[in-house]
Amino acid sequence: MAAPASHSYFSQRLRLHYVDWGNPDRPTLLLVHGGRDHCRNWDWVAEAFRDEYHVIAPDLRGHGDSQWSLGSGYALVDYVYDIAQLVHQLRLSPLNIIGHSLGGHVSTVFAGVYPERVQRFISIEGFGPSPDMLAKRATRPPEARLSQWVEQARELAGRAPRRYARLEDAIERMREANPHLSLEQARHLTVHGANQNEDGSFSWKFDNYVRVGTPHMFSPADLQALRSRISCPTLLIRGEDSWVGDPEKDGRLAHFRDARVARVPKAGHWVHHDQLDAFVALAWAFLRE
């Protein structure tokens, strides 16, 4: 597999990283990874699309080779700002977007704020909080949400990044997190997702504080309004073995103007890893419509 070019850009005084697979004269395809992941998790997808698209894959703040945010908060609005800055600085619009998990949620908000900039949008398991989650959150008063956030941040402040004595140990942990992965996939994801420490051990690149998030979230009405502003064709892809709720059954699909759901058998949360060929076929068919 050919390697992409590595670059940096600045957003809110952070040096953020992205990779560029070339072909700048082709239509842009932006690939946005999920939480505690990194841009090189898209390598197999990028290989499938790089000849026809200008493929760009960023590392979100606090992930991969991007700088960690000062403080403990990683808010959705900050991630959206970073994507908006990347699109603005590289003059990428109009563009197509594929986002996974957190990256899908971030991309949904971006497309809702800037619908004129997005031509086609694919979200893999990145549908935002379910109605049940939002309803449960609404029952908790703001002081309870804030105090929980304070306690979580305080706990992480005293938590050192986990160290693995050998790279093989980290690879095994990667396969535990997603049993669908082959050994080759797990090794690739681990090599690009971990740093070697001075003592020879290995730790994940992501900042532990990305686990905390923020006590402030968009309201259900805000999320529905943003989804309804997305004017481009949208494909929501779900793994049939995933824990993520079905956006058609729980009503989130109805928020979009022009969206449909595709379900992939024998795939969990990482559909583009678990069933790569099936995902690429779905994505190609959708992008070529």
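Here are the numbers for this structure:
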{"quantity": "Residue within the stretch 49-62 that is part of a helix (DSSP H, G or I) and at pLDDT 95 or above present", "calculated": "yes"}
{"quantity": "Sole exception among (1) touching a strand residue (DSSP E or B) at 6+ places or on another chain (Cβ under 7 Å); (2) surrounded by fewer than 24 Cβ atoms within 10 Å (Cβ to Cβ); (3) aliphatic (A, V, I, L, M); (4) under 24 Å from residue 222 (Cα atoms) for residue 98, by number", "calculated": "(2)"}
{"quantity": "Some residue of the stretch 208-228 being in contact with a Pro (Cβ under 8 Å, 6 or more places away or on another chain), at pLDDT 95 or above and surrounded by fewer than 18 Cβ atoms within 10 Å (Cβ to Cβ)", "calculated": "no"}
{"quantity": "Exclusive hit being assigned to a helix (DSSP H, G or I) and of a type outside the set (Ser, Thr, Tyr), set 43, 25, 37", "calculated": "43"}
{"quantity": "Count of the stretch 211-243 residues which are outside any loop (DSSP other than H, G, I, E, B), of a type outside the set (Val, Ile, Thr) and touching a helix residue (DSSP H, G or I) at 6+ places or on another chain (Cβ under 7 Å)", "calculated": "10"}
{"quantity": "Helices (runs of 4 or more DSSP H) (entirely within the stretch 101-200) containing at least 3 residues that are surrounded by 14 or more Cβ atoms within 10 Å (Cβ to Cβ), of a type in the set (A, V, I, L, M, F, W, C) and touching a residue at least 40 places away in the same chain (Cβ under 8 Å)", "calculated": "102-113, 142-157"}
{"quantity": "Test set (1) in a strand (DSSP E or B); (2) over 26 Å from residue 211 (Cα atoms); (3) touching a residue at least 60 places away in the same chain (Cβ under 8 Å) - residue 31 fails condition number", "calculated": "(2)"}
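The values are calculated or read from the model by the stated rules, or taken from the named source; none is laboratory data. Because the structure is predicted, anything quoted here is derived from the model rather than measured. Neighbour counts are summed over all protein chains in view; Cβ atoms, including those assigned to glycine, are modelled from backbone coordinates with ideal geometry.
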